[in-house]
Amino acid sequence: QGRMRTGVTAFSTYVSAVASGKTATVDCEVLAELAFDDPKKTEYAVAGVRASATFSGTFPTNGYFVELEVNSNQYTLRKGVAGSYTTLATISKTFTAGTAVWIRLQAFGTAVKAKAWNDGTSEPGTWDSEVTDAAVTAAGYVVLSMQSGVSSTCTALWDNVAMSNGLG
């Protein structure tokens with residue numbers, strides 16, 4: 001498990017990191033707890049799997065990822081292929097302001113699954129979204145990023161980050 005703090009200082013700035021080290025993998029999962037410094041700001045966070053180490057803004061150029069906006073009651077499952085992005089699902093959820101959110105994202109074979117829940121509640125037994133997609137098949141990385149939608153300093157803390165390559 002690990003921890004990563006990301007922060008930006010101006011409108012529409014972003015920071016991105018490859019969280020899984022130097023080894024790319026095809027079948028993988030990431031579980032992470034995400035907390036923002038101010039739930040009233042417009043901040044976006046992205047967790048991705050099978051992702052490239054190159055980014056277009058907050059999004060990996062290739063890969064599957066979830067995008068969560070701190071003050072929104074939804075999150076989005078997307079894919080990137082050569083810098084072109086497609087929404088696979090938009091999931092409505094009730095997120096509690098000021099409470100951390102857990103995210104689990106998994107890509108095994110052509111199955112891509114995502115779920116999110118408030119800290120302090122049990123992990124749901126079912127996935128919020130399950131899609132079948134074969135557009136991104138190359139090995140990639142687990143990535144974490146955030147972007148500010150305001151003109152002041154924003155910080156996100158990725159905590160309890162755990163990654164699995166699906167090999168048991």
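The Cβ shell under 12 Å around ALA116 holds other residues with a net charge of -2, Lys and Arg each +1, Asp and Glu each -1. Accessible surface comparison of GLU33, GLU123, GLU130, probe 1.4 Å, protein chains only, largest first: the order is GLU130, GLU123, GLU33.
Largest accessible area first, the listed residues SER92, SER164 line up as SER92, SER164 when surface is computed with a 1.4 Å probe on the assembled protein chains. The three principal axes of the C-alpha atoms in segment 56-158 carry coordinate ranges of 36, 36, 20 Å, sorted with the longest axis first.
The values are calculated or read from the model by the stated rules, or taken from the named source; none is laboratory data. Keep in mind that this is a model prediction, so the values were computed, not measured. Neighbour counts are summed over all protein chains in view; Cβ atoms, including those assigned to glycine, are modelled from backbone coordinates with ideal geometry. Heavy atoms of the whole protein, side chains included, go into the accessibility calculation; ligands, DNA and RNA do not. Shrake-Rupley method; radii C 1.70, N 1.55, O 1.52, S 1.80 Å.
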